[in-house]
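*Asks:* Questions regarding the structure given below will be posed in turn.
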Amino acid sequence: MQKDSVQQKPLRHRGSFLNDPRIVPYVLVAPFIIFFLVVYLYPLIMTIIMSFQKIDGPNHREFIGLKNYLKLDTRDFRLALQTSGRYAFWDLIVLTLVPLVIACILHSGLAKGSAFFKSLFFIPSLTSIIVAGIVFRLAFGTLETATMNRVMIALGQKPIKWLSYADSGNFVLILLTLWRWNGVNIVYYLSGLQSIPTDYYEAAQIDGANAIQKFTHVTLPGIRPVLIYVITITVLGGFSMFTESVALWQQNNAGGVGRTIVGYMYMVGFKKNNFGLASAVGLTLLALVVAVNLIQLVLMGFFKKED
Amino acid sequence: MASNRIEGKKRAVLSILATALMVLFAIFAMVPFAFMFMSSLKPGAEMMRYGLTLKFDPGISSFQNYTALNTYRDGVYWHWYKSSAIIMVMQTAIGLFFSSLVGYGLAMYQFKGRNLVFSLVLIVMMLPFEILLLPMYQLMISMKLMNTYFGAVVPYLVPPFMIFFFRQYCLGIPKELMEAGRIDGCTDYGIFWRIMVPILIPAFGAMTILSCMNSWNNLLWPLIVMQDEKKFTIPIGMGTTITPYGNAYDVLMPGAVMAVVPIIVIYLFAQKTFIAGLTAGSVKG
Amino acid sequence: MKKLLAVLLALMLVAGMCSALAEGEPVKLTLWTFQALHTDLYKAMQEKWNADPSKPTLEIDYQVMPYEEMHDKLTIALQSGEGAPDLVDIEINKFANYLKGDIGLAPMNEYVEPIEDHLVMSRLNNYAKDGKFYGIDHHIGATVLFYNTALLEEAGIDYTTIKTWDDFHEAGKVLLEKTGKPMVVWESADCWSVYPIVNQHGGDWLTPDGKVRMDEPVVIDTLKFMKSMLDDGTAMACPGGNTHSEEFWGWMNGGNCASVSMPFWYLDRFTNYMPDLKGKMKVAAMPLWPDGGHKSAQMGGTGTAVVASSPNVEVAKEFLAFACLSFDGCVTTWKICGFDPILKDVYGSEEMKEPNVFFDYYDQDIFAVLAGVLDDIPDTCISEYFPTASDIVKTQMAYRLVELMEDPEQIAKDCAEELRSQID
């Protein structure tokens, strides 16, 4: 594929300012610029200000310097960081690989009834997360008679109190996330796979490439942009996960097992009505996600390609 | 992909394995839904009696919960449905239109400030939305958008994750196509509309699905903006059934089933067209 | 005679004024709640209110929202000073948040103070600050024991002979030996086991002026007792972590446990989710502590409040008092919600004896149990740091005691330290 960018030579002017090729890109990105200035700029600035404030009602806001950030050095926040970190790690591995495998199988037409499966995999993302929480809680219950513990016993293992401990709880959480987001990531990958011209495969076939070579030399480079996208939003989703943990544990985070960073932020902001501290947590989370994603993007050679 | 006869047997075995794997994942995907459906046919008290069960008991099963849903709190459920649908359509249509333009612009053009704009897109994407609630609420009040459908979609008008996806997708498009379009006498906007949009159909498809899902499941922001119970959305309504002081499973289960089934039906019907569109859109060469 | 005439004249005048007011535009109020059941109560009382021509007609817009998110929305509305409703149900664990800084709620003192002697005031103190009562509760939430008598009888145990926690423990040993089933469950993921029992024993997490009480001997003793039952198997960790988990309901319904210690409002969890125990369950007072303490503990609840910025503050307050503090309102509360009302006068009245689903299920004089403990229910300290304390109890104390079965003394010390560090 040609990777050179289009030279910005003004080929012809149609008399219209908006059609000037030097102006066109600005017109194209203008919706986002306007959107950012009108909708996000004010809340973003306010959040940054709030993170340096103590807030007790509309008329009680005072600046307290870095105090909110210094308060982050607590057991609870460290625990939340750990929980989110552990989750994000496994989430990244499972939710990039499993859907990729399934998407490739669906795309190859190997499995019968691919169209049918595509719509089936998509159903969980629309199913009420509250109900899913109930089902997963019951399946991974604490009793020996709970569905998964019966399986464990049948396999000769000891029953587990799945949701009471960090590692097994994280496993269930990953499973719930896989259940819910698998179909969505499959759709991303499929759209990427569909953009690969079929004659690339034919050319590889003629060159005598086997299935694995075809995958590494045609498929992977072809879906690389989509892969970068999926990894980036999975990292983001991993660190800012909240809904799924609430669905599993509701508000009962015994031992802090299911309390993520956003869960902690939420508790501080709304349960304790401390918006200053919550803002500090939120901005710390932002910094963390940006940092991790920067590392990831550099490793993926994201910046090399464009410049 | 051509396969010769020697590979025919190998392929048949692979096909069975692949199909089995798909069936396995399909079961995994459908269990919660099946439980939800079976439970929706039973009285709330029956549901928890024997724990997680998919058993069908004709003695106690009926569609009574569904008819009760119609009269639940003066039929408010269907108002939620309408409200959810309006928000979903608005959010998806507006979001797709703007973000495809922005993503395309970021991918296909070199211009001053491009990296700055793209960084902003990524930062807004990574902002934890929960933390913006308070100032965003104040903004809605000053813009007089409280209790309006438009207010419920304002934070998602040009969704950064969509821009990012369209940008990534456009990176794979050969730039010669633009030159070809220019030589044919198209304006840059004409090139986008006539040449690029058909190529981008798989991307539009993926983003439609994701946007619909996000909007359909969104609870917090619509609740913050709406001040009239009839303008609430389905997730808000379903959320009210589980409280620390008692749960209404008889409402939750049929309500959650009804929230999925029509969408799935539409999806299945639309799929043929959708798939056809996908093939037509793929790049040849 | 002249006096009488004057009184009559005055009465007519007042009546005239009132009816003039009543004839005017209906007053519109917005009410937020997270509990759809409460709207049935308010609607019933609204109907009664509107039937009275001397009162201004009320139009109430009821908005039921999810539990967490309703409080979030209220927090945001009060923090930004715009968009709050007129009336709102606030859950007790969240209430203290709204009593910080600028208080956005209106005090109800003029309705509470005249009937103070008739109310269970320890309830209203939960929603008070500096002598002002901001929230009206619907119930006392007195903690009681729910016994599965059928299971106890299998082991030859008569629940009425259980008077103290030691009796309770001994009965548990007999039960365990004969049936292999536990006497009681303790929650590992919520506070409904630890807090009521500690509170009944005379302990609490905080003092009204914000001192931490979590590591006092009474707390440690209570935790030790709870652990001793876990150690010998007479108590077990609650399936699903708390008594509101679906897993627990199915398990309890199967007759696997002899009792649950929960507040009175747990009554309808049995009628709603555990149909097989109908006729088997009995309500009884909590066992007593030999070294003092109280007869019960009041737990959970919802303080309904009037928002101070409401344009109709006065009408809203009057309606709230009418719905939740009047005799009629309290009887209706029992009939519709199955709560133990906070107005003492209703107990023993004929209206409260009418058959309903609860009498049907438990088949006993439930209120006799309640009347026996009403005189000795301690205050709970719901001060500014209660949400923080509550969070520590739920996520650490209960978990480490019931799930990890660590040393109670160490747990109490760690939790107290954690709470102190967060108060600073």
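Please treat every number below as a calculation from the coordinates, not as lab data. Keep in mind that this is a model prediction, so the values were computed, not measured. Note: ideal-geometry Cβ built from the backbone for every residue, glycine included; neighbour counts use all protein chains shown.
*Asks:* What FRET efficiency do you get for residue C:413 and residue A:300 if R0 is 30 Å and r is their Cβ-Cβ distance, rounded to the nearest 0.05? Spell out each step's value before the answer.
*Replies:* Working: r = 49 Å, r/R0 = 1.62.
E(calc), rounded to 0.05, equals 0.05.
*Asks:* I've got another one for you. Report relative contact order for region A:71-306 in percent, whole number only (criteria: Cα-Cα under 8 Å, sequence separation at least 6). If you can, show how the numbers build up before the last one.
*Replies:* Numbers: 244 pairs, mean separation 70.4, N = 236.
Worked out over region A:71-306, it gives 30 percent.
*Asks:* Antiparallel DSSP bridges in the protein assembly as shown: what percent, to the nearest 5? Working shown, then result.
*Replies:* Working: 29 of 43 bridges.
Roughly 65 percent of the beta bridges in the protein assembly as shown run antiparallel, per DSSP.
*Asks:* Still on this structure, I have one more. Along each of the three principal axes of the Cα atoms of region B:5-62, give the extent in whole Å, ordering the values from largest to smallest.
*Replies:* 59, 17, 14
*Asks:* Most exposed first by the Cβ proxy, i.e. fewest other Cβ within 10 Å, how do B:16, B:199 rank?
*Replies:* Lowest to highest Cβ neighbour count: B:16, B:199.
*Asks:* Along the Cα→Cβ direction, 7 angstrom out, place labels at residue C:170 and residue B:97. What is the inter-label distance in nm?
*Replies:* Roughly 8.0 nm, to one decimal.
*Asks:* When the helix-only estimate is applied to the protein assembly as shown (DSSP H runs of n ≥ 4, each -39,500 (n - 2.57), divided by the residue count), what is the mean residue ellipticity at 222 nm, nearest 500 deg cm²/dmol? It would help to have the intermediate numbers written out before the result.
*Replies:* Numbers: 46 runs with 565 residues, N = 1016.
Mean residue ellipticity, 222 nm, calculated: -17500 deg cm²/dmol.
*Asks:* Picking from B:111, B:68, B:58, whose Cα lies most toward the positive end of the charge dipole for chain B (charges on Cβ: Lys, Arg +1; Asp, Glu -1)?
*Replies:* B:111
*Asks:* By the gyration tensor of its Cα atoms, with a ≥ b ≥ c the square roots of the eigenvalues, what is the shape of chain B: rounded for a/c under 1.5, prolate for a/b over b/c, or oblate? Mind showing how you got there, number by number?
*Replies:* Working: a/c = 2.55, a/b = 1.28, b/c = 2.00.
Oblate.
*Asks:* Roughly how many debye, to the nearest 20, is the charge dipole of chain C about its Cα centre, given +1 on each Lys and Arg Cβ, -1 on each Asp and Glu Cβ, and no other charges?
*Replies:* Numbers: 33 positive and 66 negative charges, 137 e Å.
I would put it at about 660 debye.
*Asks:* Compute the distance from the alpha-carbon center of region B:234-251 to that of region A:22-60, in whole Å.
*Replies:* Using only Cα atoms to place each centre, the spacing works out to 35 Å.
*Asks:* Beyond 42 Å, how much of the Cα-Cα pair distribution for the protein assembly as shown remains, as a whole percent?
*Replies:* Working: 218956 of 515620 pairs.
Summing the P(r) tail past 42 Å for the protein assembly as shown gives 42 percent.
*Asks:* Something else: Normalised by the residues of chain B, what does the relative contact order come to in percent, with Cα pairs under 8 Å and at least six apart? Don't jump to the answer; show the numbers that get you there.
*Replies:* Values: 237 pairs, mean separation 80.1, N = 285.
Averaging sequence separation for qualifying contacts and normalising by length gives 28 percent for chain B.
*Asks:* So, in chain A, how many Lys pairs have Cα atoms under 25 Å apart, if the pair is 8 or more places apart or on different chains?
*Replies:* Close lysine pairs under the 25 Å cut-off: 17.
*Asks:* Running a GNM on chain B with Cα contacts under 10 Å, which residue among B:144, B:112, B:230 ends up with the highest mean-square fluctuation?
*Replies:* For chain B, modelled as a Gaussian network with Cα springs under 10 Å, the answer is B:112.
*Asks:* Here is a follow-up. Counting Lys +1, Arg +1, Asp -1, Glu -1, what net charge surrounds residue C:63 among other residues with beta carbon under 9 Å of its beta carbon?
*Replies:* For residues surrounding residue C:63, the net value is -3.
*Asks:* Using the Cβ atoms and a cut-off under 9 Å, what net charge is assigned to the surroundings of residue A:57, where Lys and Arg are +1 and Asp and Glu are -1? Could the numbers behind the result be given before it?
*Replies:* Numbers: positive: A:61, C:100; negative: A:56, C:102.
Local charge sum for residue A:57: 0.
*Asks:* Ok, one more. FRET efficiency for residue C:374 and residue C:423, Cβ-Cβ distance as r, R0 = 41 Å, nearest 0.05? Could you put the intermediate results ahead of the total?
*Replies:* Values: r = 33 Å, r/R0 = 0.81.
That pair, residue C:374 with residue C:423, gives E of 0.80.
*Asks:* Give me the one-decimal nm value for the distance between modelled label points at residue A:202 and residue A:34, 7 Å along each residue's Cα-to-Cβ direction.
*Replies:* 4.5
*Asks:* Could you please state, rounded to a whole Å, how far the C-alpha centre of region C:294-369 is from the C-alpha centre of region C:94-118?
*Replies:* What the calculation gives is 18 Å, centre to centre.
*Asks:* Distance check, please: which entries in C:43/C:353; C:224/C:413; C:227/C:413; B:42/C:335 exceed 18 angstrom between their Cα atoms?
*Replies:* Checking Cα-Cα distances, C:43/C:353; B:42/C:335 exceed 18 Å.
*Asks:* Treating only the Cβ of Lys, Arg, Asp and Glu as charged (+1, +1, -1, -1), what charge dipole size does the protein assembly as shown show about its Cα centre? Round to the nearest 20 debye. Walk me through the numbers before you get to the answer.
*Replies:* Values: 79 positive and 93 negative charges, 1038 e Å.
The dipole of the protein assembly as shown has a size of about 4980 debye.
*Asks:* Mind sorting C:415, A:104, C:381 by how few other Cβ atoms lie within 10 Å of their own Cβ, fewest first?
*Replies:* On the way: C:415 25, A:104 18, C:381 21.
Lowest to highest Cβ neighbour count: A:104, C:381, C:415.
*Asks:* Report the label-to-label distance for residue B:27 and residue B:266 in nanometres (one decimal), using points 7 Å from each Cα along the Cα→Cβ vector.
*Replies:* 3.2
*Asks:* If the only charges are +1 at each Lys and Arg Cβ and -1 at each Asp and Glu Cβ, what is the size of the charge dipole of chain A around the Cα centre, to the nearest 20 debye?
*Replies:* Numbers: 26 positive and 15 negative charges, 84 e Å.
Computed charge dipole of chain A: roughly 400 debye.
*Asks:* Between beta-carbons, use under 14 Å as the cut-off and find the net charge around residue A:182, counting Lys and Arg +1, Asp and Glu -1. Before the final figure, lay out the partial values.
*Replies:* Numbers: positive: A:118, A:180; negative: A:91, A:244.
Value of the local net charge: 0.
*Asks:* Normalise the Cα radius of gyration of chain A by 2.2 N^0.38 Å (N = residues in it) and let me know the number. If you can, show how the numbers build up before the last one.
*Replies:* Details: Rg = 24.2 Å, N = 307, 2.2 N^0.38 = 19.4 Å.
After normalising by residue count via 2.2 N^0.38 Å, the value is 1.25.
*Asks:* Computed FRET efficiency, Cβ-Cβ of residue A:290 and residue A:93, R0 22 Å: what is it to the nearest 0.05?
*Replies:* 0.55
*Asks:* Would you mind ranking C:118, C:139 so that the residue whose beta carbon has the fewest other beta carbons within 10 Å leads the list?
*Replies:* Details: C:118 15, C:139 24.
In increasing order of surrounding Cβ atoms, one gets C:118, C:139.
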